[in-house]
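Note sheet for the following structure.
FYI, it's all coordinate maths here, none of it is from the lab. These figures come from a predicted structure and were not determined experimentally.
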């Protein structure tokens, strides 16, 4: 049993201490810097200057939602692909490639964006047939983002779903969200308040269906002893809560009922202690050792505490009681 526990602890501590999402290591292999700052000609993030070295930058990939200019050095937001209009043109690339239609055609849009029918411009999927034409907010120069036939061919953005008409998108949090005081329709065909329509739709990430199978509620509110989100009261029913998983970045207390943020694992300091669990398990070192850290965090050498990857050997405050977050050997150990 002791061996098994040791294996678990070691696996968490030795889990990749690479940089957090959207960051990469400097050439020295110790410091991390944001990929959005790759050869941006501004502030130097690496003490060895590698984040402004064109040869080093060519070897790196851009952050999610960014695209390399044709020069292979600079990155720019993918939403800036051929985004000029009749009033202005803002270039993001020193070689002007971000406004070259042929270059734009072979590039992918950022998550949550789609190509217009011309295959050049990108537009936010939240603007798909949003009937906002009265405010002259066409996103596509060919007006395809308001063409019902074009919209039917497109999927909605994450966290959105199609109305029954197959044209319009609305936020999943709006599924049958009427209450005793008001009803706000998101679909012109009123399908977003049809219980049978809502039953066959999944909730957005971080939400779960109430016991009635119609309404959605945020998992962060699972048996939180506060406001009831479900008309049937199931989100505050202990037995129902035990059956549910927590939202991403959250974990169950030892009681199996309540959820708390993983950033709260054994997070007490010398000044105060905030308990997130009624059974106080979130400050029990043995309980914390068996839990993983949230995304973009890693364990200190003690296997108990979690700290943000941005704090790895950042020369700033100590995040770990054992001071391992400022130990170069610990920082470079993948």
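Could you tell me which of rounded, prolate or oblate describes the range 19-69, using a ≥ b ≥ c as the square roots of the eigenvalues of the alpha-carbon gyration tensor, with rounded for a/c under 1.5 and, failing that, prolate when a/b is larger than b/c and oblate otherwise?
Values: a/c = 1.60, a/b = 1.19, b/c = 1.35.
Oblate, because a/c is 1.5 or more while a/b does not exceed b/c.
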Diffusion coefficient, µm² s⁻¹, Stokes-Einstein with Kirkwood Rh over alpha-carbon pairs of the range 208-312 at 4 °C and 1.567 mPa s: 88 µm²/s
Three semi-axes of the equivalent ellipsoid, the chain, Cα gyration tensor, whole Å, largest first: 39, 36, 13
Spatial separation of Cα centroids for the range 204-274 and the range 61-99, in angstrom: 41 Å
Calculated P(r) tail over 13 Å for the range 253-308, as whole % of Cα pairs: 56 percent
Value at 222 nm in deg cm²/dmol, rounded to 500, when DSSP H runs of n ≥ 4 in the chain each add -39,500 (n - 2.57): -3500 deg cm²/dmol
The chain: relative contact order in percent, alpha carbon pairs under 8 Å with at least 6 residues between: 13 percent
Calculated SAXS-style log₁₀ I(q)/I(0) at q = 0.25, 0.34 Å⁻¹ - the range 213-257, Debye, Cα scatterers: -0.92, -1.48
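Given a cut-off of under 8 Å on Cα pairs at least six residues apart, what relative contact order in percent is computed for the range 282-325? Intermediate results must be reported in sequence, preceding the final value.
Working: 41 pairs, mean separation 13.0, N = 44.
29 percent.
Å³ per residue of the Cα convex hull, for the range 121-235? Write out the running numbers ahead of the final one.
Working: hull volume 13.7 nm³, N = 115.
Once divided by residue count, the hull of the range 121-235 is 119 Å³.
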Isotropically averaged projected area of the range 175-255, using the convex hull of Cα atoms (one quarter of hull area), nm²: 5.8 nm²
Descending semi-axes in whole angstrom, ellipsoid equivalent of the range 139-178, from the Cα gyration tensor: 22, 10, 8
Coordinate range along principal axes, alpha carbons of the range 18-113, Å, largest first: 45, 26, 21
For the range 211-252: relative contact order, % (alpha-carbon pairs under 8 angstrom, 6 or more apart): 38 percent
